[in-house]
Amino acid sequence: MSHRPELNVAHALNLVRAAAKYSTTHDRRADQDAGGLAYAHFGAPVGVVGWALALAGAGIDELEAMGERSVRELYRTDFLSVGLTLGALVVFDGAQRSERAGEPHAQVLDRATAVATRYVELVCCSDGLVSHHPSPVDLSLLAIA
C-alpha cells in the first residue's frame, strides 16, 4: 500500500476556497457541458471540487476516470490518489452537493465553510475539548487565511 498525502479539514477548505476563486466563466460553461457532474472535461478540471482535487494533486486522467461518482463513493471505494481525513471528506461533500444543486461558486464556498465549522464543533464537543456550553467555533483554528 502506497503512502499518500492526507488532507485535513483545513487543507480541504483552503483548496475549495482557492478553486472557487480560480474557477472562471469558461469552467462554468464546461461544467454545464459536462452535465455538472464530472470532475474533468476535455482534459481540464471542471467545477470547484474538480479544481480543488487537481490542486491537491489529482491528475487529469484520474479526474476523468472518476466520472460522475460522488466524492463520498470515491472515498468509500478508496479510488482517490489524494488521501482525505473525514473532515476533508465532509468539506468536499458539502461543496459537491452545493455545486451539483447549481449554486454559484460563492455559495459553494459558503456551504463548505458551514460544513467545516459544524464538523469542528461536533469533533470538539464530542472529544470534551469544549465546555458544556460551547461558543461558536473560531475559524482561525482552521488556519484559514
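Largest first, the extents of the alpha carbon coordinates of region 59-103 on the three principal axes equal 26, 22, 16 Å. Once backbone amide H atoms are built at 1.01 Å from N, His41 has Val46 as its partners under 5 Å, excluding neighbours fewer than 5 places away on the same chain. Computed from the C-beta positions of Glu121 and Asp61, the FRET efficiency with R₀ = 35 Å rounds to 0.40. Sorting the segments 83-96, 106-119 by their mean number of nearby beta carbons within 10 angstrom, highest to lowest, gives 83-96, 106-119.
All of the numbers you see were taken from the coordinates with simple rules; none came from a lab. For clarity, every value in this text was computed on a predicted model and none was experimentally measured. A quick note on method: Cβ atoms are made from the backbone with ideal geometry, for glycine too, and the neighbour counts reach across all protein chains shown.
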